[in-house]
Amino acid sequence: MKTLHKIVVLSLACSVYLFAGHAPQSYPTGELGKLVKLGEELAVKTDTHPLTKDFVDNKLNCASCHIKGEDGKPGTADGLSSWLDTAVSFPAWSKREKAVQTLEDRSNNCFMRSMNGKRLVNGSEASMAIAAYITWLSDGKPMHLNDKGPWGPTNKKLWPAGIKHFKPIQKKATHENYVAGKKVYDNKCSACHSANGEGMGTFPPLWGKNDKGEWLSYNTGAGMSKLDKGAAWVKAKMPLYQEGTLSDQEAADVMLYVNAQERASFDLQDRLLPEQKAGAYHSNVLEEKHSVRSNFKALGLDIDKIRGDKLIK
Ligand code: HEC
Ligand code: HEC
């Protein structure tokens, strides 16, 4: 009963509390307006909407990370991972793909990584709708092309700074930090995301599978699965309603713990349709693999030593 009460209170708080930031005052008219509204809907119902559900293999939606602002729209929260000025920088250079990518390419990267699914076909209704919605959020803002990374001006500042800040902290991690991370998780995260990371109601899952054997959260190719990026995001955005209250060490430790749990591996080749392998996806890199183990190794860490057991591939 006590837990149920807590969930009700939290859900209520969730519906009234929103981050600062908002979309333009009005939608475009006509067919364009319809497409923008469809994109907005897809960004909050990504895992259930008929146009996108077959391209998603977890229980997240875009707004799980591109958080709603005070207008209640996906991606309008300001700060890290905001979409409010993303479109002014596309097409943009992407180092990972060694190619210039369009906004559709960039969004579809999140489909196959953060959403653990497959890329939408560029130019399909759903892919265009999401790009139209994200572009509308930048309406009226000056263009600002980015030849360094696939980010708008806000994220161009915040992501590289976050990575630079957290990488040296994460590199020093030991089993003690894993234990400390579990403690932070149990005290400050599990009330919403549940003790075993599977989420609860509108609170999204962080790792693992459900009893049908389906993966619940982002895979090991996602930005969130990288220890430094994950810590930067959580420091800025979590715990919901109390964001900014974690110390750097707490944010680092809790994402060390979260990202040491089981999640789907990423193999780029398995995520591409034949036509995407043949060039319909703007990338010059077609081989890329990540596992929980390799994500830790990327920072010189041994997952077995960090966890103190050998449960992870
Ligand atoms: C699990 C969290 C997560 C989910 C869910 C997610 N993303 Fe992302 N997204 C990220 C992170 C992290 C980055 C930045 C990573 C980087 O570029 O290093 C990002 C970057 C982006 C960008 C580049 C914007 C910018 O200015 O940085 C776009 C566009 C985007 N995502 C679209 C989407 C779309 C569309 C969906 C839903 C289909 C989605 N994302 C779902 C985590 C997520
Ligand atoms: C009060 C409830 C609440 C608490 C406490 C909370 N979260 Fe969240 N978390 C959310 C919600 C809700 C979202 C989805 C974004 C939204 O709807 O605003 C989210 C999204 C996330 C995401 C990205 C989406 C996903 O499922 O992978 C991560 C990672 C995350 N939280 C980690 C944490 C960590 C780590 C803590 C503890 C330090 C924490 N959260 C505490 C409610 C909470």
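Can you bin region 20-150 into rounded, prolate or oblate? Criterion: square roots of the alpha carbon gyration tensor eigenvalues sorted a ≥ b ≥ c, rounded for a/c under 1.5, prolate for a/b above b/c, oblate for the rest.
Judged from the Cα gyration tensor, region 20-150 comes out rounded (a/c under 1.5).
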Charged-residue dipole, Cβ positions (Lys, Arg, Asp, Glu), the chain about Cα centre, Debye nearest 20: 780
message: Positive end of the dipole of the chain, charges at C-beta (+1 Lys, Arg; -1 Asp, Glu), about the Cα centre: which of Thr202, Ala99, His175 has its Cα farthest in that direction?
response: His175
message: With bins 10 Å wide starting at 0, give me the P(r) of region 143-260 over every alpha carbon pair, in whole percents.
response: 13, 43, 32, 11, 1
Rough spin-label spacing in nm, given labels placed 7 Å along Cα→Cβ, for Asp267 and Asp186: 3.7
query: Taking θ as phi - 60°, what are the ³J(HN,Hα) couplings along region 175-186 by the Karplus curve (6.51, -1.76, 1.60), each to the nearest whole Hz, with x for Gly and Pro?
result: 4, 4, 5, 5, 5, 5, x, 4, 5, 4, 4, 4
task: Search the structure for amide H atoms under 5 Å from the amide H of Val100, placed 1.01 Å from N in the peptide plane, and list their residues when 5 or more places away or on another chain.
output: Ser94
- prompt: Under 17 Å from a point 7 Å along the Cα-to-Cβ line of Gln25: which residues of region 51-76 have their amide N that close?
  reply: 71
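With a ≥ b ≥ c the root eigenvalues of the C-alpha gyration tensor of region 41-104, is it rounded (a/c under 1.5), prolate (a/b larger than b/c) or oblate?
Working: a/c = 2.28, a/b = 1.22, b/c = 1.87.
The shape class here is oblate.
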query: Restricting to the chain, what percent of DSSP beta bridges are antiparallel, rounded to 5?
result: 90
message: Given Cβ point charges of +1 (Lys, Arg) and -1 (Asp, Glu) and nothing else, what value in debye, to the nearest 20, does the dipole of region 20-150 about its Cα centre take?
response: 380
task: Could you sort 141-147, 72-78, 22-28 so that the peptide with the highest average Cβ count within 10 Å comes first and the rest follow in order?
output: 72-78, 22-28, 141-147
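Enumerate by residue number the trypsin sites (Lys or Arg not before Pro) in region 81-130 meeting two conditions: DSSP loop (anything except H, G, I, E, B), and at most 11 other Cβ atoms within 10 Å of the site's Cβ.
Working: sites: Lys95, Arg96, Lys98, Arg106, Arg113, Lys118, Arg119; in loops: Lys95, Arg96, Lys98, Arg113, Lys118, Arg119.
For trypsin sites (Lys or Arg not before Pro) across region 81-130 that sit outside H, G, I, E and B with at most 11 neighbouring Cβ atoms in 10 Å, the list reads Lys95, Lys98.
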statement: Ratio for the chain, C-alpha Rg to 2.2 N^0.38 Å, reads 0.96
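Using the Cα centre as the reference, give the magnitude of the dipole from point charges on the C-beta atoms of region 156-307 (Lys, Arg: +1; Asp, Glu: -1; all else neutral), rounded to the nearest 20 debye. If you can, show how the numbers build up before the last one.
Working: 23 positive and 18 negative charges, 98 e Å.
For this selection, approximately 480 debye.
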Cleavage-rule hits (trypsin sites (Lys or Arg not before Pro)) in region 202-278: DSSP loop, at most 11 neighbouring Cβ within 10 angstrom: Lys212
field: HN-Hα J in Hz across region 254-262 - Karplus 6.51, -1.76, 1.60, θ = phi - 60°, x for Gly and Pro
entry: 5, 7, 4, 5, 4, 7, 8, 8, 6
query: Can you run phi through the Karplus equation (6.51, -1.76, 1.60; θ = phi - 60°) for region 29-46 and list ³J(HN,Hα) in whole Hz, with x for Gly and Pro?
result: 8, x, 4, 5, x, 4, 5, 4, 5, 5, x, 4, 5, 5, 6, 9, 10, 4
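Quick note: the coordinates plus some simple rules give every number you see, no bench work behind them. Keep in mind it's a predicted model, so treat the numbers as computed, not measured. For neighbour counting, all protein chains shown are included, and Cβ atoms are generated from backbone atoms with ideal geometry for every residue, glycine included.
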